[in-house]
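First the structure, in the form of structure tokens, and then the observations on it.
The values are calculated or read from the model by the stated rules, or taken from the named source; none is laboratory data. Note that this is a predicted model, so its numbers are computed, not measured. Cβ coordinates were reconstructed from backbone atoms using ideal geometry, including for glycine residues, and neighbour counts include every protein chain displayed.
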Amino acid sequence: MTPFLPKLAGVALATGLALAAAPSHALDEVTVALAIPPAVHDGAPYAAAQELGLFKENGLAVSTIVFQGAGALLPQVAGKRVTFGYPTSEPVISSYFSGKDPLPLRYFYNGVPSNTDLAPVSRTPL
């Protein structure tokens, strides 16, 4: 062997060991809670992004869980057992009128495009 080949082999071995020892970044786990099973209008974006590898490409491991309605979903979000959820608006709004403390969460009514629109009255705590 020429003196160049042992040096090249040494560099290759050192590079391989360095790359093997480099820390890999784990994907951030995100759990999306749904109040109803996904349909074309609301589940398709998750399925498409998952299939196209867009979540993984952006460092995310996304999973969805379907609960039996918003009444079951909201405690999961409030207890931080899921990352975020898409409940229907009625249970969130009615939690303000039950006489109890409102749920410790924020509701973004325009998180998903919709054909309905909500706006709180200015004198309400919403």
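Put simply, of 77, 82, 62 the only residue that is surrounded by 13 or more Cβ atoms within 10 Å (Cβ to Cβ), at pLDDT 75 or above and assigned to a loop (DSSP other than H, G, I, E, B) is 82.
Report whether or not residue 70 is surrounded by 15 or more Cβ atoms within 10 Å (Cβ to Cβ) and in contact with a Pro (Cβ under 9 Å, 6 or more places away or on another chain). Let's see the steps before the verdict.
Details: surrounded by 15 or more Cβ atoms within 10 Å (Cβ to Cβ): yes; in contact with a Pro (Cβ under 9 Å, 6 or more places away or on another chain): yes.
When the stated conditions are applied, residue 70 passes them.
Taking the conditions (1) under 13 Å from residue 35 (Cα atoms); (2) at pLDDT 80 or above; (3) touching a helix residue (DSSP H, G or I) at 6+ places or on another chain (Cβ under 9 Å) in turn, residue 89 satisfies each one other than (2). Restricting to the stretch 37-59, name every residue that is outside any helix (DSSP H, G or I) and either touching a Phe, Trp or Tyr at 6+ places or on another chain (Cβ under 8 Å) or of a type in the set (Ser, Thr, Tyr) (or both). Residue satisfying the conditions is 38 alone.
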